[in-house]
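*Asks:* Mind having a look at this structure? Questions to follow.
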Amino acid sequence: MNRRIYFVLLGVPGAGKGTQAKLLEKRLGLPQVSTGDIFRHNLNSTTASGLLIKSYMDRGELVPDEVTIRMVEDRLRLPDAAGGAILDGFPRNLVQAEALDRMTAPYGGVSLVPLIHLSDEEAMQRITGRRVCRSCGAVYHVEYNPSRIDGVCDVDGGELYQRDDDKPETVRNRLYVYYKQTSQLIGYYYAKGMLVEIDGRQSIEQVQSELIALLAEKEVAV
Ligand code: AMP
């Protein structure tokens, strides 16, 4: 069997999944597959399907499973994912988790599921101060992780912006959806012995080194 490595990062919106996935991507040479980023980049607001997807995102609701699952299937078939992927924001419910199991079964299945713990209050604070690079998706925080020049990405000089769904009303619904649907995946992966837990209140570097240590300990990478 051609074994591939698939990590699923779990945690409330704002826990730092995207930030950690980007660091891991560089270190492990596996692509970050963020369904939220893919939706944002490919959104075409002039088509009916683009507008429909945007309406779910603007409300903080999940985009329908069939759309999301098909998109991930296509993404995982691209050549850069031949060794596996770091999944960030997918799966978000049990139907998606089962679909991911089917997609990855020929390659040994999901390898490890790090869960980054963070309280709602902290998540809210982080998300409302979050800024994202329009071109490369690098993530900053106005207070905790600012760019060197205000409004400009350190990585590629792109423009930093606040996501439409990072406003408090939408964040509250995203947290609700997380607890109602995504949190079921904690039990799902725990039962499979794949779950590892990390305190997300630590610094970006601390979370990253803990993640790397866990991957090494479980002998799934590095
Ligand atoms: P994120 O960037 O991961 O916070 O995702 C932003 C928004 O994209 C979510 O609030 C959903 O509307 C949509 N989205 C991202 N990933 C998924 C997914 N796996 N299933 C359904 N909708 C998703």
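The values are calculated or read from the model by the stated rules, or taken from the named source; none is laboratory data. Here the structure is a predicted model, which means the values were calculated and not measured. Positions of Cβ are backbone-derived with ideal geometry, glycine not excepted, and every protein chain shown enters the neighbour counts. Note: areas computed on protein heavy atoms with side chains; ligands, DNA, RNA excluded. Shrake-Rupley method; radii C 1.70, N 1.55, O 1.52, S 1.80 Å.
*Asks:* Out of segment 96-168, which chymotrypsin sites (Phe, Trp or Tyr not before Pro) are coil in DSSP terms and have no more than 16 other C-beta atoms within 10 Å?
*Replies:* Counting only loop positions with at most 16 other Cβ atoms within 10 Å, the chymotrypsin sites (Phe, Trp or Tyr not before Pro) in segment 96-168 are Tyr144.
*Asks:* Would you mind telling me the share, in percent, of accessible area of segment 165-222 contributed by carbon and sulfur at probe 1.4 angstrom?
*Replies:* 51 percent
*Asks:* Hey, any idea what % of segment 1-132's accessible area is carbon plus sulfur with a 1.4 Å probe?
*Replies:* On the way: 3020 of 5690 Å².
The computed percentage sits at 53.
*Asks:* Shifting gears a bit: How large is the dipole of segment 81-222 about the Cα centre if only Lys and Arg carry +1 and Asp and Glu carry -1, each at its Cβ, rounded to the nearest 20 debye?
*Replies:* 400 debye
*Asks:* Per residue, how much accessible surface does the chain expose to a 1.4 Å probe? Answer in Å², no decimals.
*Replies:* On the way: 10960 Å² over 222 residues.
For the chain, the per-residue accessible area is 49 Å².
*Asks:* Nothing charged except the Cβ atoms of Lys and Arg (+1) and of Asp and Glu (-1): what's the magnitude of the dipole of segment 1-118 about its Cα centre? Round to the nearest 20 debye.
*Replies:* Values: 14 positive and 12 negative charges, 67 e Å.
Here the size comes out at about 320 debye.
*Asks:* Sticking with this structure for a sec: How much net charge surrounds Ala123 when only the other residues with a Cβ under 12 Å from the Cβ of Ala123 are counted, with Lys and Arg +1 and Asp and Glu -1?
*Replies:* Details: positive: Lys17, Arg126, Arg130, Arg172, Arg174, Arg201; negative: Asp120, Glu121, Glu122, Asp166.
Residues close to Ala123 contribute a combined charge of +2.
*Asks:* If exposed means no more than 13 neighbouring beta carbons inside 10 Å and the site is in a DSSP loop, what's the longest run of the chain without any exposed GluC sites (Glu not before Pro)?
*Replies:* With GluC sites (Glu not before Pro) excluded where exposed in loops, the chain gives 1-142 as its longest stretch.
*Asks:* Give me the one-decimal nm value for the distance between modelled label points at Glu66 and Leu43, 7 Å along each residue's Cα-to-Cβ direction.
*Replies:* Each label point is offset 7 Å from its Cα along the Cβ direction, giving 2.3 nm.
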